[in-house]
Amino acid sequence: MPESDQKKVYDLVKSFDTGMLATFGGTNQLHVRPMAVAQLEESMRIWFMTSAQSLKAQDLEANPRAELIFQSGSAYVVLSGAAQLSRSPSKLDEVWKDIYKVWFPKGKADPDIALVSFDPNRAEYWDQTGAQKLKFLFESAKAFLTGEKARDNGEQHKKVAL
């Protein structure tokens, strides 16, 4: 895949504050929950905070496979990859924000804090923002008027290896 496709995925993900993290656990039963993005690295590694006692922590210890879904009004991204728990004090210092005291009242010293690092290996996106939205609206109107199926110009939807 061209590097520009990977940058496109990065730019889309950068625009989201929250994603839906899907874990599979030891029984492969799907569990999905919203997670606030603590940090997005240029490598596409995404960091979250969680309780070390949570179901997601148990799931990830049993099975690192995870999916991450982002959605806004006109953009959607699905990332597939692996996630793992971390207790790195230096990474915690790097990503900590005071708003996290809502979940961890003892602050960074809370012994229940665990970090989740998610490393995607593939992505799929649907982008109908900005100029892509105008192109989509044009193609949709044209399809409606002609009775034909709307065409995707190849920029609105892609699968990307990361």
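Ranked by Cβ crowding within 10 angstrom, fewest neighbours first, how are Trp103, Trp47, Trp126 ordered?
Trp103, Trp126, Trp47
When Lys and Arg each count +1 and Asp and Glu each count -1, what net charge do the other residues less than 10 Å away from Tyr76, Cβ to Cβ, add up to?
-2
Past 32 Å, Cα to Cα: identify those pairs from Lys56/Lys158; Lys8/Lys56; Lys8/Lys108, in the order given.
Lys8/Lys108
Can you give the FRET efficiency for Asp110 and Asp17, using 1/(1 + (r/R0)^6), R0 = 25 Å, r = Cβ-Cβ distance, to the nearest 0.05?
Taking R0 as 25 Å, the efficiency between Asp110 and Asp17 is 0.70.
Sort Ser54, Ser88 so that the residue with the fewest other Cβ atoms within 10 Å of its own Cβ comes first and the one with the most comes last.
Ser88, Ser54
I'd like to know how region 1-92 sits against the 2.2 N^0.38 Å rule of thumb: what's its Cα Rg over that expected value?
Its radius of gyration relative to the 2.2 N^0.38 Å reference: 1.11.
Give me Glu67, Glu148, Glu3 ranked fewest to most by other Cβ atoms within 10 Å of their Cβ, as a rough exposure proxy.
Neighbour counts put them in this order, fewest first: Glu3, Glu148, Glu67.
Using a Förster distance of 30 angstrom, determine the FRET efficiency expected from the C-beta separation of Ser80 and Thr129, and round it to 0.05.
0.85
If the label point is 7 Å along Cα→Cβ of Glu61, which residues in region 92-125 have backbone nitrogen under 19 Å from it?
Zone members listed by number: 110-118.
None of the figures in this text is laboratory data; all of them are computed from the coordinates on show. All values derive from a computational prediction rather than experimental measurement. Counting neighbours? That spans all protein chains shown, and the Cβs are built from the backbone with ideal geometry, glycine included.
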